[in-house]
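For reference, the structure discussed in these notes is given below.
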Amino acid sequence: MHKKLFIPGPVEVKEDVLQKMATPMIGHRTKEASKLQRDISEKVMKLFYTENQVLLSTSSGTGLMEAAIRSCTRKKAAVFAVGNFGKRWHQMAVANGVDADLFEVEWGKPTTAKQVDEVLKTGEYDLITVTHNETSTGIMNPVDEIGEVVKKYPDVVFCLDTVSSAAGAKIEVDKWGVDICITSTQKALGLPPGLAICTISKKAIEAAKEVENRGFYLDLLRLYEYIEKKDHQYPSTPSIPHMYALDYQLDRILEEGLENRFERHQEMADYVRAWAKEHFELIADEDYASNTLTNIKNTKDIDIKELNRKLGMRGFMVSNGYGKLKGKAFRIAHMADTTLPEIKELLRNIEDILGL
Ligand SMILES: *Cc1c(COP(=O)(O)O)cnc(C)c1O
């Protein structure tokens, strides 16, 4: 039996979207390929409220995160982490020989504008990374406030991980001053995994020009220059099936209406949070709780593996806690094309299994 996914990626993908992956192939050096890329870019720009260029990478989101920190750090990067995915940027910097410092907070707390200001004040850093929505803790950081602070430091390239929030919450790239905004297909966008997407500012490109060793496949400058000069094509063969599905899904998203889509996510989040507080507790500080997933503290000491096994027999799947929260928390994703009635059905089944 297919298990309906309520995990924070991969998510359920609509049948018609899946079908687009089976579109007959076109050459990647054709006018059709250029048009497909241009159409996707225009729609992604709407999704992120930006005039910045859009780049696709045939990798998961991690690929573009590594690309950003490696391609654009000239002096030193400041990595702000509120959980596992935030820390990954630091691992990437170390693995690539990029100078970087890690600034962490207690799990369940956000990165604040004040913390970012204090770090940038030192003048040591010319790139920062922030996680918009930390999937391991269920925190959504106040990036609008952080953006205001970063604007005081015009040399700093601002990289933002929106892997688990893009298309599930409003992300205003130009207003917030985000230079590189990264996401991937298999979370709130509601597509199969395998493609990463970013918006990139001129400032980030100028920074990349000053970096000597940017790698090859994930060199953001090389990708950007190809898109600009070669009529929106890529240096290597992109995942054309994903591009067809993405183009189609972006039409669906814009048809739903961005505000409507964000509102639907808000309603699901409010519902799951209220349920979690009634029966358990939240891991995240509620003022900064994510609108695309809820991380629930296992206060009743339930066997989460067993819960998932029983849910599986009924055709559902939720997620265990991530990293050090495994067994101590469980996560319910409410993102992409999931609806409130589906969430209610899932929660009724959990109540039934646990005798709540
Ligand atoms: C899933 C996730 C990633 C990793 O993305 P991949 O597409 O699996 O590489 C990074 N950051 C956050 C916040 C995520 O949720």
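The values are calculated or read from the model by the stated rules, or taken from the named source; none is laboratory data. Note that this is a predicted model, so its numbers are computed, not measured. Here the Cβ is made from the backbone with ideal geometry for all residues, glycine too, and neighbour counts use every protein chain on show.
Which of the residues belonging to segment 329-344 are touching a Gly at 6+ places or on another chain (Cβ under 8 Å) and more than 13 Å from G138 (Cβ to Cβ)?
Step one: filter segment 329-344 for residues touching a Gly at 6+ places or on another chain (Cβ under 8 Å), giving 329-331, 333, 335-337.
Hits for segment 329-344 are A336, D337.
Looking at segment 1-54 only, could you name the residues that are out of contact with any helix residue (DSSP H, G or I) (no Cβ under 6 Å at 6 or more places or on another chain), buried (at least 20 other Cβ atoms within 10 Å of the Cβ) and closer than 15 Å to P241 by Cβ?
V13, A33, Q37
Output yes when any residue across segment 101-122 is out of contact with any strand residue (DSSP E or B) (no Cβ under 9 Å at 6 or more places or on another chain), closer than 22 Å to N320 by Cα and not hydroxyl-bearing (S, T, Y), and no when none is.
Yes - at least one qualifying residue is present in segment 101-122.
Considering only segment 154-192, state which residues are of a type in the set (V, I, T) and part of a loop (DSSP other than H, G, I, E, B).
The initial filter retains those residues of segment 154-192 that are of a type in the set (V, I, T), namely 156-157, 162-163, 171, 173, 178, 180, 182-183, 185.
Residues satisfying the conditions are V156, T162, V163, I171, V178, T185.
Name the residue, out of K187, K175, K202, K152, that is crowded, with 21+ Cβ neighbours inside 10 Å and either more than 21 Å from I128 (Cα to Cα) or away from the ligand (no atom under 16 Å from the Cβ) (or both).
K187
Any residue in segment 39-54 that is away from the ligand (no atom under 16 Å from the Cβ) and either without any contact (Cβ under 8 Å) to a residue 12 or more places away in the chain or outside the structural domain of K229 (by TED's automatic domain parsing) (or both)?
Yes, some residue in segment 39-54 is away from the ligand (no atom under 16 Å from the Cβ) and either without any contact (Cβ under 8 Å) to a residue 12 or more places away in the chain or outside the structural domain of K229 (by TED's automatic domain parsing) (or both).
Only one of E278, E286 is at pLDDT 95 or above and in contact with a helix residue (DSSP H, G or I) (Cβ under 8 Å, 6 or more places away or on another chain); which?
When all the criteria are applied, what remains is E286.
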